[in-house]
Amino acid sequence: MSDDHGHHKETFITKYIFSQDHKMIAKQFLVTGMIMGVIGVLMSILFRMQLAWPGEKFPILELLLGKWAPDGVMSPDIYLALVTIHGTIMVFFVLTAGLSGTFSNLLIPLQIGARDMASGFLNMLSYWFFFLSSVIMVASLFVENGPAAAGWTIYPPLSAVPSAMKGSGMGMTLWLVSMAIFIISSLLGSLNYIATIINMRTKGMSMTRLPLTIWAFFVTAILGVLSFPVLLSAALLLIFDRSMGTSFYLSDLFINGELLQNQGGSPILFEHLFWFLGHPEVYIIILPALGITSEIISTNSRKPIFGYRAMIASILAIAFLSFIVWGHHMFLTGMSPFLGSVFTFTTLLIAIPSAVKAFNYITTLWKGNLQMTPAMLFSIGLVSTFVTGGVTGLILGDSALDINVHDTYFVVGHFHIVMGLSAIFGMFAGVYHWYPKLYMRRMNKSMGYVHFWVTFICAYGVFFPMHFLGLAGLPRRYYSNVEFPMFDTLADINVLITGFAILGGIAQLVFLFNFFYSIWGGRKATQNPWKGNTLEWTTPVEHMHGNWPGEIPTVHRWAYDYSKPNADDTDYVIPGQDYVPQTTPLAHGEEAGH
Amino acid sequence: MTGLIIAIVAILAILVVLQVMRVTSLSSDLQDGKDNEVSSKDNDTQGTLLLLFGIGFMIAFVWMLIAWGDVLLPKAASEHGGDYDSLMSISMWMCIAVFVLVNPVLFYFAFKYRGLKGTKATYYEHNNKLELIWTTVPAVVLAVLIIYGLTTWSNITNPDNTDNEPMIVELYAQQFNWTARYSGEDNTLGYANVALIEGANFLGVDLNDERAKDDFIVKELYLPKGKPVKFRFRSQDIIHSAYMPHFRAQMNCVPGLITEFQFTPTVTTSEMRSDKYVMKQVKNVNDIRLVKGKEVWEFDYVLLCNKICGSAHYNMQMPIKVVEQAEYDQWVAKQSQLAQN
């Protein structure tokens, strides 16, 4: 495409603030995502304290929550608000924008061999809309009646009628505004990623030579483009119901002593629209993490990713199936049981490509030469959590079984292990691995090890016991469990979970410290510190606008020729070196890798 | 003063950490030179830790099963509940099998193939036969689970009522309590709608409807053992969910429509109270309650709200009693009397 990116003068504003350079935008997404992540984790620690020690006075609660924690005891209203905003922030702001936004932006042009994204301007807008939506979401915490509190799923009528709960007033309005702007940000980004990947690959970079990260980001962007607009429509109809007297979701309501005039709508319409995005959304979250894992495991095993084509096929299968499973969130809504059966069928099918991916990762490790960088540890951890969390999905996806575990802690355990562990591990792994490309330095390895081990152990410690709580019948989103004697024996488990949560939360300080310290005090990175094959390691260490000085390299092979023997089997393809960058032409007598 | 001391300690701690970071960074430089990001010693240590974690994880899992096995719900108290529990059992064991087979392999490989000095990787990029195996085996296992699950689902949601007409009971949900309306002799509920709510008629029953004449309203559910009951759920305000975990029953209550769920209770409250597993659970609960100075608990079935509905969502409950037919008939007679007066 156009090669004139290197020629305009950059001011402080155009370089650091309204930058159109994908690398700077990646960093903006990352740091904003991290800040939102800190807020989200803090919230979770607050409500976990309430769950472990209900009714106990905590002065820090009163300090942080003011009127919402009179006498140091959290009020039920703010509990639900914390749970709601925690979910919203983590799902959208951290794991979607923070994960996709960072790595799609950083890696797509670098790994496909492009000077920048198709439209630097739209890319810049994509970040600033994300920033704006983050500001609005955080602002909603400070309104008089509190932020949205109907769960991150904000089902109407609870979210539609301000008198139904405190948070459904201005808090809910701001939530909807924030999310509408967030969706715009996401769509702008996704369109850019798709256009760039299709149109701007360098010479020789056919689709089947692309690293799996790019395949993952590509398919994720398509998922986003097809599903986020439906959430936007759900939100718009909700805004209409809230402010313009319509009845899309409302009918036969008597709330707070008042008979409402709405007739003819159904809350189930909202659920369909919401989950039509909601389910692909979780794959939008996990696919980039899986792509990143393929890259990191392969590079650090000094072996090709096992089953490259099968990995692509499974990404496509997961993406396709993700559109036809949303009803598994709605088995108990009163939806037709036959429809429920259809969704059970499709949901259990999606386990198959997921299993293929897990087995392929493990086979990549087999007979490898494993380099245990912190990124590699997190990637191995991801495989463990993906399997552990994934199998309980089979229970929940079975409509009959969902009857007794729906909306219990069994669900909370399941989705946290796959999102709160697997996806965030992918994000951590990506940060450790591509830090040299982000900040031209290296993060501290020992701190990385400490971060990994404490996080891994605590993370399982928090979420694994939740399956037992769910099978004991404990519902989610309960402010306190003391009203039901049958749950008294679960109190110890809740304390254990909270203990691990607090410890795990503190462990993240190690990461934050490492991250920010290394920007200025970390060891300077070399050009290709992990001895990778992909194109991003052929750019100079110092960032430059346009990525490569001179011509963009031509690609002659796929991305996974690690430890490839030469044609005579006497040495590696490049003697004495166990990797062959994509830019290396095929040697005499060499066959292509796949 | 405390604040100042905490601040000084925090700053010193940060300085310590900074120095430790610089030392570790320099020392790993010395070990393997500046080129290597990780040394073979790192790989050895981390690989070994991963193996130890894998072993520890499995041990922890077994420990959890033993320690927390008795907090799980007792045996099902409904007819379909037995099918539910069998399906759950088989599905869980399948999940556990995958969990205990795949995780150890993962951590073992991470250990066995850790990059020691001289380790070389094998270039092995695909094997279609292997892919086929681990695509078809899960597919077959899942197909079995799907068929089994869907049959169970169909039996639960579409029960055969040809010989046994279910008793109709309305469960009315509102922020933040439950009300039950029995349909009486005619087994038909009178028409009701929130538009008709007025004063004492807080359910909005159409009092002129013939079918409503024998309806009676209670705040505690009584169910006869062995008789199918079909619940019709209504909500006054927002989405709630009627969760009756002992019966393996749950259904959302959605304003604007009526949802249904049918089951047949098979264990009376007193039978449940004499069940060994339940007795152990009750004892564990009461041991805790004694320490906290709370009153003793006797097992009761319970209806909980299980869909976020506002501030008191965590305490929206109604007791359920399952009794023998005779006791049930007596109770009905008394309630009907009260309704007439």
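The values are calculated or read from the model by the stated rules, or taken from the named source; none is laboratory data. Model, not experiment: these values are computed from the prediction. When we count neighbours, we look across all protein chains shown, and the Cβ atoms used for this are built from the backbone with ideal geometry, even at glycine.
The residues listed here are B:VAL98, B:VAL144; of these, the one that is more than 7 Å from chain A (Cβ to nearest Cβ) and either in a helix (DSSP H, G or I) or modelled with pLDDT under 95 (or both) is B:VAL144.
Apart from one condition, B:LEU223 fits all of (1) without any contact (Cβ under 8 Å) to a residue 24 or more places away in the chain; (2) in contact with a Pro (Cβ under 9 Å, 6 or more places away or on another chain); the exception is (1). Applying the selection to the stretch B:125-140, what residues are under 35 Å from the mean Cα position of the chain (by Cα) and within 7 Å of chain A (Cβ to nearest Cβ)? Scanning the stretch B:125-140 gives B:GLU131, B:TRP134, B:THR135, B:PRO138, B:ALA139. Name the residues in the stretch A:564-580 that are assigned to a loop (DSSP other than H, G, I, E, B) and either within 32 Å of the chain's Cα centre (by Cα) or at pLDDT 95 or above (or both), would you? Within the stretch A:564-580, A:VAL580 is the sole residue that qualifies. When A:GLY265 is tested against the conditions (1) within 8 Å of chain B (Cβ to nearest Cβ); (2) over 30 Å from A:SER243 (Cβ atoms); (3) part of a loop (DSSP other than H, G, I, E, B), the lone failure is (2). The C-beta contact set for the stretch B:162-177 (first residue more than 30 Å from A:LEU259 (Cα to Cα), second residue aliphatic (A, V, I, L, M) and modelled with pLDDT of 95 or more, distance under 9 angstrom, 6+ apart or interchain) comprises B:PRO166/B:VAL229; B:MET167/B:LEU223; B:MET167/B:VAL229. Is it the case, given these coordinates, that A:ILE457 is β-branched (Val, Ile, Thr), more than 9 Å from every other protein chain (Cβ to nearest Cβ), closer than 25 Å to A:ILE292 by Cβ and within 22 Å of the chain's Cα centre (by Cα)? Spelling it out, it is not the case that A:ILE457 is β-branched (Val, Ile, Thr), more than 9 Å from every other protein chain (Cβ to nearest Cβ), closer than 25 Å to A:ILE292 by Cβ and within 22 Å of the chain's Cα centre (by Cα). What about A:HIS416, is it crowded, with 24+ Cβ neighbours inside 10 Å and not polar (S, T, N, Q)? So A:HIS416 fails the test. From the list B:LEU87, B:LEU73, the one residue that fits, being outside any helix (DSSP H, G or I), modelled with pLDDT of 95 or more, within 30 Å of B:LYS230 (Cβ to Cβ) and touching a Gly at 6+ places or on another chain (Cβ under 8 Å), is B:LEU73.
Every test in (1) out of contact with any Lys or Arg (no Cβ under 7 Å at 6 or more places or on another chain); (2) farther than 30 Å from B:PRO319 by Cβ is passed by A:GLU483 save one, and that test is (2). Comparison of A:ARG209, A:ARG201 shows that the only residue that is within 14 Å of chain B (Cβ to nearest Cβ) and over 18 Å from A:LEU82 (Cβ atoms) is A:ARG209. Here A:ILE78, A:ILE60, A:ILE85 are screened, and the one residue that is within 14 Å of chain B (Cβ to nearest Cβ), aliphatic (A, V, I, L, M) and surrounded by fewer than 18 Cβ atoms within 10 Å (Cβ to Cβ) is A:ILE60. Among the residues of the stretch B:194-206, those identified as assigned to a loop (DSSP other than H, G, I, E, B), on the phi < 0 side of the Ramachandran plot and surrounded by 14 or more Cβ atoms within 10 Å (Cβ to Cβ) are B:ILE197, B:PHE202, B:LEU203, B:ASP206.
Counting only helices (runs of 4 or more DSSP H) that sit wholly inside the stretch A:18-117, those with at least 2 residues that are more than 26 Å from A:ALA148 (Cα to Cα) and hydroxyl-bearing (Ser, Thr, Tyr) are A:102-112.
Selection of the stretch B:58-77 for residues being within 11 Å of chain A (Cβ to nearest Cβ) and within 18 Å of the chain's Cα centre (by Cα) yields B:MET64, B:LEU65, B:TRP68, B:GLY69, B:ASP70, B:VAL71, B:LEU72, B:LEU73, B:PRO74, B:ALA76. Here the condition is being within 11 Å of chain B (Cβ to nearest Cβ) and either over 25 Å from A:PHE359 (Cα atoms) or out of contact with any Cys (no Cβ under 9 Å at 6 or more places or on another chain) (or both); of A:GLY413, A:GLY426, A:GLY470, it holds for A:GLY470 alone. On inspection, B:GLY184 passes the criterion of being in contact with an Asp or Glu (Cβ under 6 Å, 6 or more places away or on another chain) and either at pLDDT 95 or above or buried (at least 17 other Cβ atoms within 10 Å of the Cβ) (or both).
Checking each residue in the stretch B:107-124 for being within 7 Å of another protein chain (Cβ to nearest Cβ) and not aromatic (Phe, Trp, Tyr) picks out B:ALA110, B:ARG114, B:GLY115, B:THR119, B:LYS120, B:ALA121, B:THR122. Quick check on the stretch A:278-299. Is at least one of its residues in contact with a Phe, Trp or Tyr (Cβ under 9 Å, 6 or more places away or on another chain) and facing chain B (nearest Cβ under 9 Å)? No, the stretch A:278-299 has no match at all. The residue list B:LYS276, B:LYS283 contains one member that is within 11 Å of chain A (Cβ to nearest Cβ), without any contact (Cβ under 8 Å) to a residue 24 or more places away in the chain and within 22 Å of B:ASP70 (Cα to Cα), which is B:LYS283.
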